Amino acid sequence: MFEITVDYDKCQADQECIEACPAQVYDEGEDGKPVIARPEDCLGCETCVEVCPTGAITVTEV
Ligand code: SF4
(Lines give C-alpha, C1' and ligand atoms only; values in the text may rest on other atoms or scores of the structure.)
Protein backbone atom coordinates (compact mmCIF):
# COMPACT_ATOMS: atom_id res chain seq x y z
CA MET A 1 0.00 0.00 0.00
CA PHE A 2 1.01 3.56 -0.57
CA GLU A 3 0.40 6.60 1.56
CA ILE A 4 -0.30 9.75 -0.44
CA THR A 5 -0.05 13.19 1.05
CA VAL A 6 -0.94 16.47 -0.61
CA ASP A 7 0.35 19.69 0.92
CA TYR A 8 -2.68 21.85 0.27
CA ASP A 9 -0.74 25.01 1.14
CA LYS A 10 1.62 24.29 -1.77
CA CYS A 11 -1.11 23.05 -4.13
CA GLN A 12 -2.14 25.61 -6.75
CA ALA A 13 -4.97 23.55 -8.22
CA ASP A 14 -3.18 22.96 -11.52
CA GLN A 15 -4.82 19.52 -11.59
CA GLU A 16 -1.83 17.92 -13.27
CA CYS A 17 -2.03 15.00 -10.85
CA ILE A 18 -5.71 14.41 -11.50
CA GLU A 19 -5.07 14.19 -15.24
CA ALA A 20 -1.85 12.19 -15.05
CA CYS A 21 -2.71 9.49 -12.53
CA PRO A 22 -3.13 6.17 -14.40
CA ALA A 23 -5.25 4.73 -11.59
CA GLN A 24 -7.64 7.68 -11.19
CA VAL A 25 -6.84 8.01 -7.52
CA TYR A 26 -7.79 11.69 -7.45
CA ASP A 27 -11.09 13.44 -7.82
CA GLU A 28 -11.42 17.18 -8.28
CA GLY A 29 -12.49 18.96 -5.12
CA GLU A 30 -14.79 21.95 -4.98
CA ASP A 31 -11.78 24.26 -4.80
CA GLY A 32 -10.20 22.55 -7.84
CA LYS A 33 -7.61 20.85 -5.70
CA PRO A 34 -7.26 17.06 -5.74
CA VAL A 35 -9.17 14.89 -3.34
CA ILE A 36 -7.42 11.58 -2.61
CA ALA A 37 -10.56 9.60 -3.38
CA ARG A 38 -9.21 6.10 -4.05
CA PRO A 39 -5.85 5.72 -2.28
CA GLU A 40 -6.24 1.95 -2.28
CA ASP A 41 -5.88 2.00 -6.08
CA CYS A 42 -2.49 3.77 -6.00
CA LEU A 43 0.21 1.95 -7.98
CA GLY A 44 3.09 3.86 -6.44
CA CYS A 45 4.27 5.06 -9.85
CA GLU A 46 4.97 8.59 -8.56
CA THR A 47 3.70 10.14 -11.78
CA CYS A 48 1.69 12.60 -9.71
CA VAL A 49 4.80 13.53 -7.73
CA GLU A 50 6.71 14.20 -10.95
CA VAL A 51 4.04 16.26 -12.70
CA CYS A 52 3.14 18.46 -9.73
CA PRO A 53 4.65 21.89 -10.49
CA THR A 54 4.90 22.87 -6.83
CA GLY A 55 6.13 19.61 -5.31
CA ALA A 56 3.03 19.30 -3.19
CA ILE A 57 2.63 15.51 -3.38
CA THR A 58 4.52 12.75 -1.65
CA VAL A 59 3.93 9.02 -2.08
CA THR A 60 5.41 6.58 0.42
CA GLU A 61 5.17 2.81 0.54
CA VAL A 62 3.72 1.68 3.84
S1 SF4 B 1 1.67 7.39 -7.43
FE2 SF4 B 1 0.81 6.94 -9.49
S3 SF4 B 1 -1.03 5.69 -9.10
FE4 SF4 B 1 -0.44 6.65 -7.15
S5 SF4 B 1 -1.69 8.52 -7.01
FE6 SF4 B 1 0.29 9.09 -7.95
S7 SF4 B 1 -0.02 8.94 -10.18
FE8 SF4 B 1 -1.71 7.83 -9.16
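Measuring from label point to label point, each 7 Å out along Cα→Cβ, what is the residue 8 to residue 30 span in nm? Output for this residue pair reads 1.1 nm. Helix content alone sets the calculated 222 nm mean residue ellipticity of the chain: runs of n ≥ 4 DSSP H residues at -39500 (n - 2.57) each, divided across all residues, give -3000 deg cm²/dmol. Carbon and sulfur atoms: what percent of the 1.4 Å accessible area of the chain do they account for? Roughly 44 percent, rounded to a whole number. Under the simplified labelling scheme, the residue 19-residue 45 pair shows an inter-label distance of 1.6 nm, with each label point 7 Å from Cα along Cα→Cβ.
Accessible area per residue was computed with a 1.4 Å probe on protein heavy atoms; residue 36 scores about 50 Å².
Within the chain, 11, 21, 42, 45, 52 have no other Cys Cβ under 4.7 Å of their Cβ and so lack a disulfide-compatible partner by this rule. How much net charge surrounds residue 52 when only the other residues with a Cβ under 9 Å from the Cβ of residue 52 are counted, with Lys and Arg +1 and Asp and Glu -1? Computed value for this residue: -2. The per residue volume of the convex hull around the alpha-carbon atoms of the chain is 66 Å³. In percent, rounded to a whole number, the relative contact order of the chain is 46, using alpha-carbon pairs under 8 Å and six or more apart.
The values are calculated or read from the model by the stated rules, or taken from the named source; none is laboratory data. Treat the numbers as computed from the prediction; the structure is a model and nothing was measured. Quick reminder, even Gly has a Cβ in these numbers, built from the backbone with ideal geometry, and neighbours come from all protein chains shown. Just the protein is used for accessible areas: all its heavy atoms, side chains included, with ligands, DNA and RNA removed. Shrake-Rupley method; radii C 1.70, N 1.55, O 1.52, S 1.80 Å.
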